[in-house]
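Report on the structure given below.
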Amino acid sequence: MGLTVIEKIIRNNVGREVKPGEIVTVNVDRVMIHDIFIPFVAAKFEEMGFQKLWDADKAVLIYDHLVPASQVDDTRHFKIGNEFVHKYGMKNIHRADGICHQLMTEAGYVKPGNIVFGTDSHTTTYGCVGAFSSGIGYTEMASILGTGTLWMKVPETIKVNITGTLPKNVMAKDIILRLIGDLGADGATYKALEFSGDTVGQMSVASRMSMSNMAVEAGAKCALFTPDDKTAEYCGITLTDKEKDLAGDSDAQYCRIINYKAEDFVPVMACPSNVDNIKPVSELEGTSIDQVFIGSCTNGRLEDLMAAAEILKGKKVAPFVKLIVTPASRKIYREAIENGTMAVLAQAGAIITHPGCGLCCGRTGGILTDGERVVATNNRNFLGRMGTSKVEIYLASPKSAAACAVAGKIVVP
Amino acid sequence: MEKFSGKIWVLGDDIDTDIIIPTEYLALKTVEDMAPYAFSPLRPGLAGQIKKGDIIVAGKNFGCGSSREQAPEIIKALGIQCVIAKSFARIFFRNAINNGLLLIENNRLRDAVSEGDEITVTMNEAIMHKGTKYPITSLPENLMEILEAGGLVKAMQKRNRI
């Protein structure tokens with residue numbers, strides 16, 4: 001019987017064939033810890049009685065949610081993190097380079113077929129290069145740091161097949177939002193998503209990242225793309241036969257198969273305040289807005305900023321709207337300066353911030369208040385996510401968000 | 001904890017981790033500092049009304065959203081004995097077990113109860129509510145081991161012989 005991608009990744013890790021539902025202990029290839037949770041990971045690690053890390057080179061610590069610090073208490077996280085790094089001989093630390101999920105693949109920490117865990121739900125992102133990656137809490141992270149292993153249940157797989165060419169102004173974000181709407185916010189809980197089809201093959205790794213990033217909003221454990229030439233180029237590697245084989249077999253068992261025609265997609269938004277409350281932008285046209293946010297680990301990459309710039313070029317943001325743009329990493333920030341994207345955004349009236357997570361989770365910058373409405377390219381529109389619980393958040397693609405910023409209301413890009 | 005009873009608080013579907021504890025309070029020093037803000041975006045004041053031994057009964061996808069482990073820790077700190085929901089989000093489920101917070105999946109109970117009702121839970125067997133019995137399934141063995149050890153920290157301490 002054939003295997004799905006996740007079944008192959010786990011088989012390669014544990015050295016035997018596995019079936020959905022089985023509980024296995026996997027050897028972890030890499031872990032990611034971010035600034036919010038490092039104090040808790042450090043405390044639990046020592047409380048558990050561990051003396052050293054199982055493999056210091058496999059652990060990565062990234063400061064992103066609290067960078068730069070906005071409250072005095074935030075600095076405590078950096079102090080504890082720095083002490084932990086020093087005490088246990090860690091070398092992989094990023095103090096102001098960008099958002100964790102961007103850096104893990106951008107800086108080369110994750111390769112196809114790897115098994116990776118992170119202290120953040122959007123750790124599913126690394127499925128973009130064909131790695132199994134998922135979020136865990138800080139107690140489990142502490143136990144991995146000591147043992148290098150974690151138990152997991154082999155998930156069933158939902159296959160999502162997309163063929164054809166996407167209409168103009170429809171982005172990968174519109175696909176994943178539509179899929180979350182179709183599946184529901186718990187439609188893929190405990191399950192793996194596996195993407196295939198020529199539409200996916202034509203996509204950049206950056207677009208695949210947007211999709212695997214948001215898969216967790218349908219409850220998915222991971223969201224996998226088969227490694228191809230684009231993956232190899234992005235990771236700076238030549239794919240091995242084992243890596244090339246990370247595709248679902250034709251006789252693999254799926255719990256569900258969903259087929260889409262790329263031509264059928266339209267720009268959509270996730271309306272307040274559930275990620276699966278999806279509507280075509282055309283049905284929302286005319287809704288007034290106060291702020292637009294383009295950035296985050298979902299949509300803060302160069303192609304996202306360029307897509308926004310294409311729409312904003314030669315135009316001005318509506319006078320009562322604040323457009324905030326946050327590149328996902330320092331590298332993207334630099335590239336967007338070098339290719340002129342930042343100049344276009346600045347001339348249109350964008351507020352451009354340092355790379356980081358603060359705005360997306362209502363932690364620093366861009367906080368909104370009762371009755372205000374924001375169109376945002378991030379991944380969650382939960383109550384209170386970007387300010388008070390009476391803020392309305394509409395999740396959208398960078399193109400839709402840019403068009404709204406100019407119009408001062410929701411419009412189709 | 002073979003059999004216990006408690007007063008219930010009833011919540012809806014998709015109770016996400018930003019509702020359980022908003023990000024702005026996550027940098028407070030302890031879960032006890034955070035606990036008064038639990039559920040505040042949805043029901044301000046609820047945290048203050050919850051008493052030790054109470055039970056939460058909710059709809060589907062309880063705990064969806066971020067990986068913040070403070071979510072189950074705070075629920076436990078408030079004195080909640082267990083959460084019964086139609087379904088749980090994956091990371092929340094793992095975090096709860098790792099912190100020794102009991103979770104029970106049941107599809108029917110939520111729509112049959114009213115807030116303030118009392119229910120009785122018999123572990124790995126059934127929930128009783130006003131004379132109606134709702135059978136429950138038992139947890140996998142490796143999870144029961146973690147729960148019985150009192151959470152993952154204690155299980156690891158045992159492993160490291162401290």
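Computed from the coordinates by the stated procedures, all read-outs in this text should not be read as laboratory data. Please read these numbers as outputs of a predicted model, since none were measured by experiment. Counting neighbours? That spans all protein chains shown, and the Cβs are built from the backbone with ideal geometry, glycine included.
Here are some notes:
- Extent of segment A:20-153 along its three principal axes (Cα atoms, max minus min coordinate, largest first): 47, 34, 23 Å.
- Here the protein assembly as shown is treated with +1 on each Lys and Arg Cβ and -1 on each Asp and Glu Cβ, and its dipole about the Cα centre works out to around 560 debye.
- Estimated dipole of segment A:155-265 in Debye, rounded to 20 [Cβ of Lys and Arg +1, of Asp and Glu -1, Cα centre]: 300
- Tail weight of P(r) past 27 Å, computed on alpha-carbon pairs of segment A:269-407, percent: 11
- Top of A:CYS271, A:CYS222, A:CYS100 by mean-square fluctuation, Gaussian network on chain A, Cα under 10 Å: A:CYS271
- Cβ neighbours within 10 Å from other chains - mean over A:37-46: 2
- If both residues of a DSSP beta bridge must be in the protein assembly as shown, then about 30% of such bridges are antiparallel.
- Seen from every direction in turn and averaged, the convex hull around the alpha carbons of the protein assembly as shown projects onto 24.7 nm².
- Cross-link pairs beyond the 28 Å C-alpha cut-off, checked among A:LYS79/A:LYS331; A:LYS261/A:LYS331; A:LYS19/A:LYS242; A:LYS91/A:LYS399; A:LYS191/B:LYS86: A:LYS261/A:LYS331; A:LYS91/A:LYS399
- Ranking A:THR165, A:ILE257, A:ILE176 by Cα position along the charge dipole of segment A:155-265, where only Lys, Arg, Asp and Glu carry charges on their C-beta atoms, puts A:ILE176 farthest toward the positive end.
- Residue mean of other protein chain beta carbons inside 10 Å, A:383-392: 4
- Excluding exposed DSSP-loop trypsin sites (Lys or Arg not before Pro) (at most 15 other C-beta within 10 Å), longest clean stretch of chain A: A:169-312
- Here chain A is scanned for GluC sites (Glu not before Pro) in DSSP loops (not H, G, I, E, B) that have at most 14 other Cβ atoms within 10 Å, and the longest stretch holding none of them is A:23-284.
- Note on A:SER250 and A:GLN51: the model spin-label points, each 7 Å out from Cα along the C-beta direction, lie 5.6 nm apart.
- Distance between modelled label sites at B:ASN142 and B:GLU125, nm, 7 Å Cα→Cβ extension: 2.9
- Paramagnetic label zone (point 7 Å from Cα along Cα-to-C-beta, B:THR132; backbone N under 18 Å) in segment B:53-70: B:56-60
- Neighbour-limited loop hits for GluC sites (Glu not before Pro), segment B:57-140 (at most 10 other Cβ within 10 Å; DSSP other than H, G, I, E, B): B:GLU115
- Take each residue in A:131-143, count the other chain C-beta atoms within 10 Å of its C-beta, and the mean is 6.
- The H on the amide N of A:LYS322, modeled in the peptide plane, is under 5 Å from the matching H of A:GLN291, A:VAL292, each at least 5 residues off or on a different chain.
- Paramagnetic reach from A:GLN71 (point 7 Å along Cα→Cβ, amide N under 17 Å) across segment B:60-74: B:68-71, B:74
- Pairs of alpha carbons in segment A:188-343 whose separation is greater than 18 Å (percent): 70
- Based on alpha carbons, the Rg and Dmax found for segment B:34-130 are 12.8, 36 Å.
- Residues of type aspartates and glutamates that A:LYS58 reaches as a straight line, Cα spacing below 13 Å, ignoring anything fewer than 8 places off in the same chain: A:ASP29
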